[in-house]
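S.K.: Quick one: the structure is below, questions incoming.
The values are calculated or read from the model by the stated rules, or taken from the named source; none is laboratory data. Note that this is a predicted model, so its numbers are computed, not measured. Backbone-built Cβ (ideal geometry, glycine too); neighbour counts: all protein chains shown. What goes into the accessible areas is simple: the full protein's heavy atoms, side chains included, and nothing from ligands, DNA or RNA. Shrake-Rupley method; radii C 1.70, N 1.55, O 1.52, S 1.80 Å.
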Amino acid sequence: QVQLVESGGGLVQAGGSVRLSCAASGRTFSNYVMGWFRQAPGKEREFVSTISRRVGHTYYADSVRGRFTISRDNTKNTVYLQMDSLKPEDTAVYYCAAASVNTEIIRTIEALYDYWGQGTQVTVSS
């Protein structure tokens, strides 16, 4: 029902910035809570950030709070992740995820998301 496509990843120096985008193909994008997750080599996928469907409540993992900013534009069916002050430990494949909801809930649990993008690689060099 919903297809998600991430873009914007690449190679960046430590301390630099990257802006990721996630474009959704389905209609009623405003009915979806959105999340960003990441998976580093040899590690399990972990929560990064989430944003509620319309009001835009946000929440961040402790490891990225103050450095990353999640946002969305429901007129463009797109969610963004602005990543500043990047560190080598931020190197990972970043995934966009969506779940249909009826409230302004935010979700941090991977298993509660229904749709996933293909992922985009972010590599932070020292």
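S.K.: Quick one: 3J(HN,Hα) in Hz for the range 84-93, Karplus 6.51/-1.76/1.60 with θ = phi - 60°, rounded, Gly and Pro as x.
M.R.: For the range 84-93, the Karplus curve yields 10, 6, 5, 10, x, 6, 7, 4, 4, 8 Hz.
S.K.: Excluding ligands, DNA and RNA, what is the solvent-accessible area per residue of the range 10-116 at a probe of 1.4 Å, expressed in Å²?
M.R.: 49
S.K.: Report, in whole Å, the centroid distance computed from the Cα atoms of the range 2-25 and the range 63-98.
M.R.: 7
S.K.: Among 32-41, 46-55, what's the highest-first ranking by average C-beta atoms within 10 angstrom per residue? Show your work: numbers first, answer last.
M.R.: On the way: 32-41: 21.4, 46-55: 19.6.
Result, highest mean Cβ count within 10 Å first: 32-41, 46-55.
S.K.: For the chain, what is the percent of antiparallel DSSP beta bridges, rounded to the nearest 5? Display every interim value, and only then the final one.
M.R.: On the way: 37 of 42 bridges.
Given both bridge residues lie in the chain, the antiparallel proportion sits at roughly 90 percent.
S.K.: A further question follows. Going by amide H atoms built from the backbone, whose H comes under 5 Å of the H on V33, apart from near neighbours?
M.R.: Under 5 Å from the amide H of V33: A99, V101.
S.K.: Go through I70, I105, F29 and say which Cα lies farthest out towards the positive end of the charge dipole of the chain; charges sit on Cβ, +1 for Lys and Arg, -1 for Asp and Glu.
M.R.: Looking along the dipole axis, the top candidate is F29.
S.K.: Give me the dipole magnitude in Debye, nearest 20, for the chain about the Cα centre, with unit charges on the beta carbon: positive for Lys and Arg, negative for Asp and Glu. Spell out each step's value before the answer.
M.R.: Values: 13 positive and 11 negative charges, 56 e Å.
Charge dipole of the chain: 260 debye, to the nearest 20.
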